[in-house]
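To start, the structure under review is shown below, and the notes come after it.
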Amino acid sequence: MPRETSSTASNSPVAGSGPASGDATTTRAGRGWLWSLLGGLVILGGIAAIPTLGSDTLTSNWTIITMYIVLAQSWNFIGGFTGYSAFGNVTFFGIGAYAVAVSFLSNPKVISPYDPQRPQQFFIGLLAGVVISAIFAFLIGLPTLRLKGHYFAIATLGTSVAVEEIVTQRDVAGSGGLASPPFPPLSLHIAFYYGFVALALVCLLLTTWLARSKFGYALVAIRENEQAAQTLGIATTWYKVGAYVLSAIPTAIAGGIYAYYSSGFEPATVFTSSISVTMVLVTFLGGSGTVLGPIIGAIIFEYASQQFALSSGQATSVFGYHFGSDTLLGVAIIIVAIALPQGLVRVVQEFTRRPVAGGAGASGNSRANQFVEGVRRVRKFIAANGI
Amino acid sequence: MSANLSPPTASETILELQHVTKRYGGLPAVDDVSFAVQRGEVLGVIGPNGAGKSTMVSLIGGSAAPTSGKVLFQGQAINTLPPHRRAHLGIGRTFQLTQPFTGLDIRENVMVGAFFGRRGLSRSQALHVADEVLARVGLAHKATLKGDQLTVADRKRLEVARALAMDPRILLLDEVMAGLTPAEVTDAIELIRSINRDGVTVLVVEHIVRAIASVSDRVLVLHHGRKIAEDTPDTVLSDPKVIEAYLGERYAKQKQAEKDPAQPASEWMEGLA
């Protein structure tokens, strides 16, 4: 949620008079949501244009980046808006992936890779993944969402480990969960790319809607003060479970697309907790609970991560230690937790925020002064929330 | 003393507690308390620290469930209803320790009350209600501040405003005057009276005896979780049992010996607040 101070509401100090302007629609940043939506559309538009550059490496890199955008966006529903730090959302990703794999494997009639029934199997798997994930999120969420803070985080972390273990032990989709379904080679490889972009777009629209809807207000109220939320008539349990299910669905779809994209995977890859941690990290990096935060955070982190992996692939070792992208993950977690717990988007909002009218109007009108003021606000903001 | 409107002639029970007990571990915080609130009245609840006042508010509001006994609202047992269902029935409450939505601005804080406490309001309608309520409690000029930027008095106002935005039938005010300056207390009393004039039944839990005495039609006294008195403010405040609860046995006996009915009990009790 973008939050600038709305200027219209501050003009009605006289008790007894109604709203000053009669325009009761401005709140929470006024038109801020519109700018966020536009910004998101521009970014996603840019991403959609990348394959036209014709570089396969670039396209495959951005496929993964876009996937992480979707994962962060969907984590944002439960973690950002509702304030429940789910550390096991990779569970839904894995369920989505295995649902697609099992769907391809389960139809023995489909043997030939060029069987026209193949695409159908994919969508059946996707749908199954969505349904199973939603039900799973509902069943898991009902008891675990009673837990607060760390306890909820631990419980959700536990579910992903448990599901991974079940998939491995029950030989789902292959011995030890090793899945290499007979995916038909997709002549249009770019389909995965646009699958993720479309999913990110849907999530963007969903987030923008959430930032202004009744449902979204309920989630934010729960995040800000659950006890007060209940007392004011919010059915907190159902809203929380709703947010959890909502975050599970796009994650499962992303998992399903990833399954096809990867063409073969094992439980350790699609249930790894580092995917869960990345969802959390990039959302916080960008700004949790904001429209643009997850998108920006995912792009910055995943891009940096890929560059890092690339250079470390060429044997960059410091003090004899070979740095991989996991190192970057660790360092990024520390930096975000210490310096940027509110995320980049909020820092930028703080920078561009117009000072409250009548406040310390020491700054002149010149751009330089505004810049200095902005920097000062940002430093205060970081000092107040981080170190 | 109670200058406000007396309860409607055909008095009708809106809220009733029947032998309600709440134990935390073995210790009863509220012990076999029964009373009824009439529609349209202001019922004051006083008692020393730890008397069980806030627990009682929680039992009515729904954030705690009674160990035994019944809570009836408009004749319906609400013991097992979660807080949000009680809110929809028309029970609004404030918290002794104020609970603002810190990240939302004041207007949105109040808007949440209208949005979820009432049925079928659109976003802009809810905002409209919020603006009206803010003007009424005197917070309109602070509408754009964040929930954690308010003074103690304004935080208490915000608590009341949020509950009011729900359009409650009964309002439970848990120590909304604690920590306020005398001038602010006067404002608060005026606000409670005006809310009551609009037909809202009010249950005021308070430490400040003077405030309670001036605003309540009837006063109920809790001590160690038990009800020790329930009557008009004057009668209750000159009750030896009540004086004893507040000041100890010796003082009560001394007081009894003096037999000075001319001095209203609220005056000496004020020193405690």
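Structure values in brief
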{"item": "Tally of residues being farther than 16 Å from B:D105 by Cβ, more than 7 Å from chain B (Cβ to nearest Cβ) and open to solvent by 10 Å² or more (accessible area, probe 1.4 Å) across segment A:219-237", "result": "2"}
{"item": "Whichever residue in segment B:135-148 is within 7 Å of chain A (Cβ to nearest Cβ) and surrounded by fewer than 20 Cβ atoms within 10 Å (Cβ to Cβ) and, among such residues, is farthest from B:I195 (Cα to Cα)", "result": "B:H141"}
{"item": "Close pairs (6 angstrom Cβ cut-off, 6 or more residues apart or separate chains): on the phi < 0 side of the Ramachandran plot in segment A:178-204, at pLDDT below 75 and in a helix (DSSP H, G or I) anywhere", "result": "A:P184/A:R118"}
{"item": "Boolean, A:A211 is closer than 25 Å to A:Y244 by Cβ and at pLDDT below 90", "result": "yes"}
{"item": "Residue among B:G61, B:G52 that is within 14 Å of chain A (Cβ to nearest Cβ) and in contact (Cβ under 8 Å) with a residue 60 or more places away in the chain", "result": "B:G61"}
{"item": "Residues of segment A:193-214 classified as open to solvent by 10 Å² or more (accessible area, probe 1.4 Å) and within 17 Å of A:A252 (Cα to Cα), total", "result": "8"}
{"item": "Test: residue in segment B:41-53 that is open to solvent by 40 Å² or more (accessible area, probe 1.4 Å) and assigned to a loop (DSSP other than H, G, I, E, B)", "result": "yes"}
{"item": "B:E159 being among the charged types (D, E, K, R), farther than 21 Å from B:Q96 by Cα and not in a loop (DSSP other than H, G, I, E, B)", "result": "no"}
{"item": "Positions within segment B:96-127 being closer than 16 Å to A:E224 by Cα and either in contact with a strand residue (DSSP E or B) (Cβ under 6 Å, 6 or more places away or on another chain) or of a type in the set (S, T, Y) (or both), in sequence order", "result": "B:T98, B:T102, B:D105"}
{"item": "Residue satisfying condition, being among the charged types (D, E, K, R) and touching a residue at least 24 places away in the same chain (Cβ under 8 Å), within set B:R123, B:R93", "result": "B:R93"}
{"item": "Unmet criterion (only one of (1) within 21 Å of the chain's Cα centre (by Cα); (2) of a type in the set (V, I, T); (3) farther than 25 Å from A:T66 by Cα; (4) open to solvent by 80 Å² or more (accessible area, probe 1.4 Å)) for A:I166", "result": "(1)"}
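Residue by residue, here is whether (1) open to solvent by less than 10 Å² (accessible area, probe 1.4 Å); (2) more than 7 Å from chain A (Cβ to nearest Cβ) holds:
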position	(1), (2)
B:N79	no, yes
B:H84	no, no
B:I91	yes, yes
B:Q99	no, no
B:T102	no, no
B:N109	yes, yes
B:G120	no, yes
B:L127	yes, no
B:V133	no, yes
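The values are calculated or read from the model by the stated rules, or taken from the named source; none is laboratory data. Everything numeric here is computed off the predicted structure, so don't read it as measured data. Neighbour counts are summed over all protein chains in view; Cβ atoms, including those assigned to glycine, are modelled from backbone coordinates with ideal geometry. The accessibility values were calculated without ligands, DNA or RNA, using every heavy atom of the protein model including side chains. Shrake-Rupley method; radii C 1.70, N 1.55, O 1.52, S 1.80 Å.
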